[in-house]
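The structure appears right after this line, and notes come after that.
The values are calculated or read from the model by the stated rules, or taken from the named source; none is laboratory data. As the structure is a computational prediction, the values presented were derived from the model and not from experiment. Positions of Cβ are generated from backbone atoms using ideal geometry, with glycine treated the same way; all protein chains shown enter the neighbour counts. All accessible areas refer to the heavy atoms of the entire protein, side chains included, with ligands and DNA or RNA removed. Shrake-Rupley method; radii C 1.70, N 1.55, O 1.52, S 1.80 Å.
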Amino acid sequence: MASAAKRLEAVSGTIAPQIAFDGVTLVLGGKTIIENLGLGVRPGEFLCIVGASGCGKTTALRLAAGLYQPTSGRVNFDGQPMREPRREIAIVFQDYGKALLPWRTAAGNVSLALEAGGMPSAERPARIEELLRTVGLPGHAGKYPSEMSGGMQQRLQIARCLAQEPKTLLMDEPFGALDAMTRQGLQDEVLSLVAASGATVIFVTHDLDEAIYLGDRVIGLLPHPGRIGIELPVNLPRPRDQLSTREHPEFLRLRRQLFDFIKATEQ
Amino acid sequence: MNRTALVWRLASFAVAASFIALWQLIANLKLVSPVFLPGPDRAWAALVRGFSAGDLWSKLAGTLEHMTYGWLAASIAGIAIGAIIGSSRTMRTYVAPSLEFLRPLPVSAIIPVAIAMLGLTQAMALFVIAFGAIWPIMLATIHGFAAVEPRLYEVARSLQMSRLAVIFKIALPSASPDILAGMRLSLTVALILSVVCEILAGLDGLGHWVLLSARAFRSADLFAGVILLGVTGYVTSVAMSLAENRLLAWQAAQR
């Protein structure tokens with residue numbers, strides 16, 4: 001598997017970062033949200049960011065997306081400064097209900113990304129069908145988002161992001177609003193989608209188990225202002241498994257370490 | 001349509017029928033002089049006569065024409081101006097006070113100005129109708145554009161959509177329920193102002209017909225004109241509802 005080799009190489013740190021934060025500080029409304037953040041995410045890496053609420057995890061993701069510009073410091077993508085959002089960086093928002101177009105069907109929502117990418121209308125239906133099948137929504141093309149469950153809507157948003165053919169996928173607590181079973185199913189699907197596409201992922205979550213389960217590396221942020229407090233490489237075998245991975249001694253060790261960190265930040 | 005809806009629909013027809021019966025009764029008992037109040041029978045006869053022998057068709061067409069052109073002009077201008085104002089916070093802040101001054105201005109007060117500038121012409125009528133009908137559409141569009149989910153603009157940014165694509169694919173559809181509601185309100189305004197302009201400027205239409213009939217004490221003809229205006233208002237409103245249901249089918253799915 002090419003992506004596995006790439007991933008290994010990425011983790012061992014021999015290639016240039018795809019996304020690089022260099023001394024990034026962000027001040028919003030007179031408040032320092034992020035201070036002097038330095039971080040490199042290598043191509044194909046799955047990076048998870050955790051932290052107490054209000055620590056700036058989502059803000060860091062929005063900086064990576066180009067939705068915010070740093071007050072000082074630089075965010076680079078493939079060595080180029082990020083001045084605005086780009087199509088090769090897709091964002092999966094937590095609030096899928098707000099991020100989907102309620103007046104477009106599932107197919108129409110996926111089509112939005114294809115239209116933006118300039119795909120001729122004749123080629124779209126086949127691609128839409130393929131993408132909906134990839135995220136496990138075959139046969140739902142004609143449904144409106146409001147006719148779908150939360151899990152299905154989030155799958156649809158992921159399909160739209162995949163339609164961007166992103167080099168980087170930014171995910172902001174994508175499963176935060178879903179029930180446990182749906183969440184676990186989607187975790188595994190995201191892992192296999194990412195493995196297939198080779199995309200780089202930055203995944204923000206407040207669920208420590210989820211972060212360890214998914215990531216190649218987990219970063220914990222300290223609040224007020226947001227900065228890196230802990231950085232843990234996750235040396236768990238892939239493909240991961242909901243039962244055996246979560247019972248792995250390394251998983252439990254990392255889990256303890258992260259919990260202690262979060263507990264300390266909350267005091 | 002389910003059973004309950006059917007019962008309600010029948011009940012509403014029964015109410016309408018009893019109003020007509022009451023009207024017939026009052027006319028037959030001559031509680032009001034027949035010179036001023038014809039019964040439904042005479043009004044109906046006048047209506048049939050107007051269509052078969054008279055020029056009621058051309059009067060109806062005249063009113064529909066005034067109403068439609070004025071309303072369409074108001075819709076196009078109202079949506080365009082509303083979109084420009086609504087999509088920018090700065091514009092809203094600067095323009096809102098002027099709008100608040102112009103909006104409550106009775107359109108009847110504009111008519112003498114319009115007549116002075118444009119004369120007793122079709123152009124004057126078009127201007128007055130459009131001016132009166134533009135407000136509900138423009139204000140609804142401003143509101144609709146201002147209320148677009150900010151998240152959707154972020155989705156558009158991350159897809160690097162062009163400004164034009166954002167307007168047509170995100171903002172307009174998102175504001176469409178508001179815009180259509182505004183257009184529905186404007187439809188009534190356009191009908192009222194069509195009649196007013198026809199009466200004041202003597203333009204060909206039902207307003208003029210009603211005025212002439214009243215002056216000649218042809219009360220049956222007068223009522224025929226009024227009934228026709230009522231029907232026009234009702235039919236256009238129903239047509240608008242059908243269009244709304246069709247265009248906003250996605251909202252029905254949401255409920």
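Name the residues in the stretch B:103-115 that are open to solvent by less than 90 Å² (accessible area, probe 1.4 Å) and either in a helix (DSSP H, G or I) or over 13 Å from B:Leu193 (Cα atoms) (or both), would you?
Answer for the stretch B:103-115, where residues must be open to solvent by less than 90 Å² (accessible area, probe 1.4 Å) and either in a helix (DSSP H, G or I) or over 13 Å from B:Leu193 (Cα atoms) (or both): B:Pro104, B:Leu105, B:Val107, B:Ser108, B:Ala109, B:Ile110, B:Ile111, B:Pro112, B:Val113, B:Ala114, B:Ile115.
When you check B:Ile179 against the structure, is it modelled with pLDDT under 95, of a type in the set (Val, Ile, Thr) and at negative phi, yes or no? Steps first, answer last, please.
Values: modelled with pLDDT under 95: no; of a type in the set (Val, Ile, Thr): yes; at negative phi: yes.
Against the criterion (modelled with pLDDT under 95, of a type in the set (Val, Ile, Thr) and at negative phi), B:Ile179 does not qualify.
In this structure, does B:Ala147 turn out to be of a type outside the set (Ser, Thr, Tyr) and within 14 Å of chain A (Cβ to nearest Cβ)?
Yes: the conditions hold for B:Ala147.
Could you tell me which of the residues B:Glu154, B:Glu149, B:Glu100 is surrounded by fewer than 20 Cβ atoms within 10 Å (Cβ to Cβ) and in contact with a strand residue (DSSP E or B) (Cβ under 8 Å, 6 or more places away or on another chain)?
After applying the criteria, what remains is B:Glu154.
Sort out which residues of the stretch A:90-100 are at the interface with chain B (Cβ under 7 Å from one of its Cβ atoms) and not charged (D, E, K, R), and write them in order of number.
Residues satisfying the conditions are A:Ala90, A:Ile91, A:Phe93, A:Ala99.
What number of residues within the stretch A:61-82 are surrounded by fewer than 19 Cβ atoms within 10 Å (Cβ to Cβ), more than 14 Å from chain B (Cβ to nearest Cβ) and not β-branched (Val, Ile, Thr)?
The number of residues fulfilling the criteria is 8.
B:Leu139 - would you say it is at pLDDT 90 or above, within 14 Å of chain A (Cβ to nearest Cβ), open to solvent by less than 70 Å² (accessible area, probe 1.4 Å) and in a helix (DSSP H, G or I)?
In short, no.
Can you find even one residue in the stretch A:126-136 that is surrounded by fewer than 17 Cβ atoms within 10 Å (Cβ to Cβ) and within 14 Å of chain B (Cβ to nearest Cβ)?
So far as the stretch A:126-136 goes, no, none of its residues is surrounded by fewer than 17 Cβ atoms within 10 Å (Cβ to Cβ) and within 14 Å of chain B (Cβ to nearest Cβ).
For the list (1) open to solvent by 10 Å² or more (accessible area, probe 1.4 Å); (2) within 25 Å of A:Ala65 (Cβ to Cβ); (3) more than 14 Å from chain B (Cβ to nearest Cβ), I need the number of the one condition that A:Asp172 fails.
(3)
Say we look at the stretch A:102-124 and pick out the residues that are part of a loop (DSSP other than H, G, I, E, B) and within 7 Å of another protein chain (Cβ to nearest Cβ); which of these is farthest from A:Val194 (Cα to Cα)?
Across the stretch A:102-124, the extreme among qualifying residues is A:Trp103.
If we keep just the residues of the stretch B:162-200 that are among the polar types (S, T, N, Q), away from every other protein chain (no Cβ under 13 Å) and open to solvent by less than 30 Å² (accessible area, probe 1.4 Å), which is nearest to B:Leu126 (Cα to Cα)? Let's see the steps before the verdict.
Applying the first criterion (among the polar types (S, T, N, Q)) to the stretch B:162-200 yields B:162, B:174, B:176, B:186, B:188, B:194.
Narrowing the set further to residues that are away from every other protein chain (no Cβ under 13 Å) leaves B:186, B:188, B:194.
From what's left, open to solvent by less than 30 Å² (accessible area, probe 1.4 Å): B:186, B:194.
Working: B:Ser186: 14, B:Ser194: 8 Å.
Of everything passing the filter in the stretch B:162-200, B:Ser194 is nearest to B:Leu126 (Cα to Cα).
Regarding A:Ile202, is this residue crowded, with 20+ Cβ neighbours inside 10 Å, more than 25 Å from A:Ser111 (Cβ to Cβ) and not polar (S, T, N, Q)?
Considered against the rule, which asks whether it is crowded, with 20+ Cβ neighbours inside 10 Å, more than 25 Å from A:Ser111 (Cβ to Cβ) and not polar (S, T, N, Q), A:Ile202 comes out as yes.
Mind checking whether some residue in the stretch A:211-224 is over 23 Å from A:Phe21 (Cβ atoms), modelled with pLDDT of 90 or more and out of contact with any Leu (no Cβ under 7 Å at 6 or more places or on another chain)?
Yes: one or more hits.
Among (1) surrounded by 13 or more Cβ atoms within 10 Å (Cβ to Cβ); (2) under 30 Å from A:Leu132 (Cα atoms); (3) at pLDDT 90 or above, there is one condition A:Thr182 misses while meeting the rest; what is its number?
All conditions are met except number (3).
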